[in-house]
Every structure is written in structure tokens, then in C-alpha cells.
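The values are calculated or read from the model by the stated rules, or taken from the named source; none is laboratory data. Because the structure is a prediction, the values reported are computed rather than measured. FYI the Cβ positions are ideal-geometry reconstructions off the backbone, even for glycines, and counts take in every protein chain you see.
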Amino acid sequence: MNWLAEQAGQFGLSQIDGQRLQLIVEELLTNTIRHGHGEECDAAVDIRLEHKMPDLLLTYRDTAGAFDPTRFVPSESAADIGGLGIELIRGMSSVFRYHRAAGHNVIELTL
């Protein structure tokens with residue numbers, strides 16, 4: 001995650017925005033490993049950042065099974081924990097898009 005901190009610094013993001021970026025990427029990685037690949041996994045992910053003032057564009061690609069987080073609706077039951085990370089990502093993104101391309105989940109976010 002040092003790479004993310006370095007990128008945030010190069011883009012001139014505030015410390016809070018840098019931490020927000022790191023949290024989003026950690027949530028995406030956790031979902032890929034835990035839910036997409038069923039725990040332990042060596043599959044690579046691709047993370048790209050692009051700074052288009054005033055926005056930061058994040059593109060996240062993984063090879064897990066198809067899953068569209070933009071259509072995910074978390075359970076209303078407090079006993080069913082799940083989906084909180086997706087809701088967190090939605091809340092911290094001004095744009096949250098998904099598509100499937102060449103066997104990859106592609107998530108595009110604007111912060």
C-alpha cells in the first residue's frame with residue numbers, strides 16, 4: 001500500500017483523501033480475495049490511478065468470478081453481516097461503475 005500513499009502524495013491529495021483511497025482499495029482487495037476467489041489466492045489485480053482535476057479516477061481489475069457490486073443490495077438483517085464494504089465504497093465515491101471485460105471485473109470509481 002506504500003504505492004498508494006506515494007501516488008496520493010504525487011497527486012497532491014490531502015491526508016484524509018489519501019486514507020480514503022487506501023480504505024477503498026483495501027475493501028476491494030478484501031472482497032476479491034475473500035468472496036471472489038474464496039480466500040487464499042495468488043491472482044493479480046490491476047490498480048490504476050488517474051488524476052483529472054479535481055477528481056481522482058481509480059480503475060480496479062480482478063480475475064474473480066463475475067460480480068457487479070453496483071447492483072448489490074445488502075441484507076437489512078443485522079445478523080447477516082456483509083456488503084458493508086461495498087456501501088462504504090459507494091458512500092466515498094462520486095461515481096461507481098462496473099463492467100466485465102475479457103474475463104475481468106472492472107470497477108471504475110471517481111473520488
- Task: Confirm whether S93 is polar (S, T, N, Q) and loosely packed, with under 14 Cβ neighbours inside 10 Å.
- Result: no
- Please give the number of the condition R71 fails out of (1) surrounded by 11 or more Cβ atoms within 10 Å (Cβ to Cβ); (2) of a type in the set (D, E, K, R); (3) modelled with pLDDT of 90 or more. (1)
- Message: Could you list, ordered by first residue, the pairs with Cβ atoms under 7 Å in which the first is in segment 12-36 and within 20 Å of D62 (Cβ to Cβ) and the second is surrounded by 14 or more Cβ atoms within 10 Å (Cβ to Cβ) and among the hydroxyl-bearing types (S, T, Y), at least 6 apart or interchain?
- Response: L28/Y60
- Residues E6, E50, E27: which one is surrounded by 10 or more Cβ atoms within 10 Å (Cβ to Cβ) and in a strand (DSSP E or B)? E50
